[in-house]
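Below is one structure; the comments refer to it alone.
The values are calculated or read from the model by the stated rules, or taken from the named source; none is laboratory data. None of these values were measured; they are calculated from a predicted model. Cβ placement follows ideal geometry from the backbone for every residue including glycine, while neighbour counts extend to all protein chains displayed. All accessible areas refer to the heavy atoms of the entire protein, side chains included, with ligands and DNA or RNA removed. Shrake-Rupley method; radii C 1.70, N 1.55, O 1.52, S 1.80 Å.
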Amino acid sequence: GVDLQVCTSKNPTCCTKKMEERYQTAAKQDIQQVLQTSSATLKFLISHNAAAFQETFEMLIRLAENYTSTLFCSAYRTMAAEATVHVQEFFTDVGLFLFGTDITTEEFVNRFFDTLFPVVYNHVINPGPTDISLEYAECLRVARRDIRPFGNIPKKAIGQMGRSLLPSRTFLQALNLGIEVINTTDHLHFSKDCSRALLRMQYCPHCQGLTLSKPCMGYCLNTIRGCLADIAEVDLHWRGYIQSLEELSGALSGAHGIEHVLLNFHALVRDALVQARINGPELSEQVNKICGPPVRKPKYSPGCSFDQNKDNQGLKMFSRDSEETLTNRRKEFIGQLRRYRAFYGGLADQLCGNELAAADGLPCWNGEDVVRSYTHRVVGSGIKAQSANPEVKVKGTDPVISQIIDKLKHIIQV
């Protein structure tokens with residue numbers, strides 16, 4: 001083939017332009033394959049743990065909801081059916097917040113106590129032979145923050161929920177970003193110059209019948225460091241990301257831990273109800289001033305619809321060890337993740353050392369011929385170092401990589 005673009009040589013060649021093109025495609029696929037294989041265990045580690053933590057949080061929410069509904073069923077049967085609806089709404093909001101929806105803890109804690117007040121007024125503070133009307137209930141809901149029937153407990157709940165849910169929400173977001181980073185670097189778009197360099201390194205020797213020769217180590221490093229110059233730029237931010245995750249993980253346990261706060265929410269609600277009952281007479285007076293005397297309609301109070309035994313067995317077991325398990329699980333995960341701190345910095349070396357390059361001392365391919373050793377200078381990792389690369393020309397950073405670096409910077413700040 002006289003019209004070869006890359007695998008030109010002084011020696012006779014058995015390649016045609018068509019073969020060269022097919023080798024070009026193969027060289028690109030090979031490097032993608034090698035990249036994906038090298039990150040597979042890291043990717044599995046993060047995605048497996050992200051799923052496990054999410055499942056644990058879902059369990060915790062279900063358990064906390066059960067505890068709170070049980071409180072109404074056992075101590076306040078008459079209003080249990082109405083209250084349980086608001087309890088369910090509240091824990092749905094907890095889940096939405098935890099898994100990234102744009103609501104604030106203040107918003108949904110206030111909503112819970114706002115909607116609870118009319119129910120408590122109707123059944124505990126001023127119970128009558130008939131129920132209060134919907135309009136009257138609405139007046140009570142709106143007036144709750146002025147009347148403060150539950151004292152400072154809503155404020156306390158807002159503080160606790162914010163402190164415990166936000167770090168866990170951030171933790172989950174960070175894990176999902178970790179997966180996105182790996183997916184991005186796994187499917188890197190290679191420049192034309194890099195593709196040609198890969199072809200020259202991996203398949204041009206085949207054109208001369210040298211099917212068994214592997215590239216020299218220095219030659220491999222120059223080629224792969226050139227092709228992965230963008231990925232090496234992720235290194236600094238990836239290290240920062242793992243360090244931040246480690247610090248965040250440390251802040252997730254103890255009294256502000258999500259397990260502790262969610263599983264004790266029912267106790268806060270119990271205290272709130274006690275407070276409303278004790279201050280009943282004063283509250284009635286305040287309500288009369290704001291909403292007038294109660295307007296009533298025929299009574300409808302279904303019993304307790306909540307089935308306490310449904311999943312309490314499994315949940316009880318879970319609750320006992322949950323705090324221990326969650327903390328240990330996080331420690332173990334962070335411990336394993338730390339081994340991958342230098343993953344992006346050492347990627348080119350890992351690829352050449354593990355499978356691509358010839359072992360030291362063996363004859364090797366230098367891009368033109370089989371030689372005893374590679375004589376060109378070997379450049380470092382990262383974009384700056386590539387200006388002196390004899391094998392690959394590297395132009396500025398890939399915008400996709402710049403974007404993922406920005407996301408890492410952002411999550412580190414969060």
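Laid out as a table, the results:
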quantity	calculated
Spin-label proximity, Ile103 to the range 157-200 - amide N less than 11 Å from point 7 Å beyond Cα toward beta carbon	none
Net charge over other residues, Cβ less than 10 angstrom from the Cβ of Phe90 (K, R count +1; D, E count -1)	-2
Local net charge near Phe44, Cβ-Cβ under 14 Å (Lys/Arg +1, Asp/Glu -1)	+1
Top positive-direction residue, dipole computed over the chain with Cβ charges, set Val109, Val120, Ile412	Ile412
Estimated distance in nm for a label pair at Arg329 and Leu210, the labels positioned 7 Å out from Cα along Cα-to-Cβ	5.4
Placed amide H near Arg296: partners under 5 Å, 5+ positions off or other chain	Ser133
Pairs from Lys155/Lys407; Lys156/Lys297; Lys331/Lys409; Lys192/Lys384 whose Cα-Cα separation, in the structure shown, is over 25 Å	Lys155/Lys407; Lys156/Lys297
Calculated [θ] (222 nm, deg cm²/dmol) that DSSP helices of n ≥ 4 give over the chain, each run adding -39,500 (n - 2.57)	-22000 deg cm²/dmol
Cα convex hull volume per residue for the range 1-155 (Å³)	209
Radius, Kirkwood style, for the range 207-299 when every pair of distinct Cα atoms is counted (Å)	21.4
Kirkwood Rh and Cα Rg combined as Rg/Rh, the chain	1.23
Separation in nanometres of the label points that stand 7 Å from Cα toward Cβ, at Glu55 and Thr37	3.0
Mean separation of Cα contacts under 8 Å (6+ apart) over length of the range 354-414, as relative contact order %	15
Segment Lys156-Ser284, extension gain: residue separation times 0.36 nm, minus the distance between their alpha carbons	43.7 nm
Relative contact order %, the range 86-184, counting alpha carbon pairs below 8 Å whose residues are six or more apart	36
Residues Leu362 and Cys14, FRET efficiency given R0 of 22 Å [Cβ-Cβ distance, rounded to 0.05]	0.40
Of Ile31, Ile278, Asn222, farthest towards positive along the dipole that unit charges on Lys, Arg, Asp, Glu beta carbons give the chain	Asn222
Pair Asp146, Glu21: separation of 7 Å Cα→Cβ label points (nm)	8.0
Cβ charges +1 (Lys, Arg) and -1 (Asp, Glu), total dipole of the chain, debye	340
Of every Cα-Cα pair in the range 38-89, the percent that sits beyond 19 Å	49
R0 of 41 Å, Cβ-Cβ distance Gln403-His260: FRET efficiency to nearest 0.05	0.65
Förster radius 22 Å - calculated FRET efficiency between Glu135 and Leu96, Cβ distance, rounded to 0.05	0.15
The range 351-397: GluC sites (Glu not before Pro) in DSSP loop, at most 15 other beta carbons within 10 Å	Glu368
Rounded accessible area of His410 (nearest 10 Å², 1.4 Å probe)	110
Rel. contact order, % - alpha carbon contacts under 8 angstrom, at least six apart, the range 1-158	15
Backbone N under 13 Å from the Leu4 label point (7 Å along Cα→Cβ), restricted to the range 369-413	369-370
